[in-house]
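The values are calculated or read from the model by the stated rules, or taken from the named source; none is laboratory data. Because the structure is predicted, anything quoted here is derived from the model rather than measured. In this analysis, Cβ positions are derived from the backbone assuming ideal geometry, glycine residues included, and neighbour counts consider all displayed protein chains. What goes into the accessible areas is simple: the full protein's heavy atoms, side chains included, and nothing from ligands, DNA or RNA. Shrake-Rupley method; radii C 1.70, N 1.55, O 1.52, S 1.80 Å.
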Amino acid sequence: MMFVAPVVLSERGLRLEPLDRRHEDGLRAAAADGELWTLRVTSVPEPGQTRDYIDTALRMREEGSRFAFAVVDEASGAVLGSTSYHDILPAVKRVEIGYTWYARRAQRTHVNTTCKLLMMGHAFDTLGCHVVGWRTDNYNFASQQAIERLGARKDGVIRGHALRRDGTIRDTVMYSMRAGEWPEARAQLLYLRARHD
């Protein structure tokens, strides 16, 4: 039995649904909004690689190591981006949230906060996770700030940890949140989102 079973999460006009091939055109269009594949510190697929991106996510789902979602605007049905649970460790009840990217029009809106609230709530409250983690490129300062806004704590930096798409080797900044920290983090995120509205 898979630790992360297929599920649809929704709130505030957003729907996170299991990523599959029917999302290919929408995902390609979302990535084109800002030509996000040109960013050195992300894993956004180039237009011609969208099918491979989805197939890789589906293979990782079968292996139990990653569960990718399409982020969909419920009103229009448009795909806004993607996000995933990954590095899923059922034995210690830990997941990480990552592979996250959004079309430019969805950035700096309620989209990321809402998606993270849905995923963190599902991880802690439904899956019973003890820890939720995040990782990002040491040069992805926007991602680091977004993760810190969630209430996650910086665990440290793994030096020489992974390859970037351009072949350079990156250092990876690691963050985490424990289950006992979730209620306060959730309250703060709801407060911040309400102020943004």
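The convex hull drawn around the Cα atoms of region 145-197, when projected onto a plane and averaged over every direction, covers 5.0 nm².
From the square roots a ≥ b ≥ c of the eigenvalues of the alpha-carbon gyration tensor of region 69-156, which class results: rounded (a/c under 1.5), prolate (a/b over b/c), or oblate? Oblate, because a/c is 1.5 or more while a/b does not exceed b/c. Solvent-accessible surface of protein heavy atoms, probed at 1.4 angstrom with all chains present, puts Lys154, Lys93, Lys116 in the order Lys154, Lys93, Lys116, largest first. DSSP beta bridges fully contained in the chain are about 90 percent antiparallel. Extension gain for Tyr191 to Thr126 (0.36 nm times residue separation, less C-alpha to C-alpha distance): 21.2 nm. When the chain is described by a simple charge dipole with +1 on each Lys and Arg Cβ and -1 on each Asp and Glu Cβ, the residue from Leu117, Leu80, Tyr102 located farthest towards its positive end is Leu117.
Atom-type composition of the exposed protein surface of region 11-59 places 47 percent of the accessible area on carbon and sulfur (1.4 angstrom probe). In terms of packing, defined here as the mean over residues of other Cβ atoms within 10 angstrom, the peptides 42-52, 130-140, 80-90 line up highest first as 80-90, 130-140, 42-52. Among the listed values (1) 156; (2) 117; (3) 127, the one matching volume of the Cα convex hull per residue in Å³ as calculated from this structure is (2). When Trp37, Trp101 are compared by accessible area of protein heavy atoms, the largest-first order is Trp37, Trp101, using a 1.4 Å probe. Relative to the Cα centre, the charge distribution of region 126-172, modelled as +1 at Lys and Arg Cβ and -1 at Asp and Glu Cβ, gives a dipole magnitude of about 20 debye. If R0 is 35 Å, what FRET efficiency do you get for Lys154 and Ala75 from their C-beta distance, rounded to 0.05? After rounding to 0.05, the efficiency reads 0.45. Along the axis of the charge dipole computed for the chain (Cβ charges of +1 for Lys and Arg, -1 for Asp and Glu, origin at the Cα centre), the listed residues Thr136, Trp37, Ala5 are led at the positive end by Thr136. Over the residues of the chain, the helix contribution to mean residue ellipticity at 222 nm works out to -9000 deg cm²/dmol, using -39500 (n - 2.57) for each DSSP H run of at least 4.
Surface exposure of region 38-107, expressed per residue as accessible area with a 1.4 Å probe, stands at 45 Å².
Given their separation in residues at 0.36 nm each and the Cα-Cα distance between them, Ser65 and Arg164 gain 33.6 nm when the chain is fully extended. Specify the inter-centroid distance of region 162-180 and region 12-75, based on alpha-carbon positions, in whole Å. Cα centroid of region 162-180 versus Cα centroid of region 12-75: 19 Å apart.
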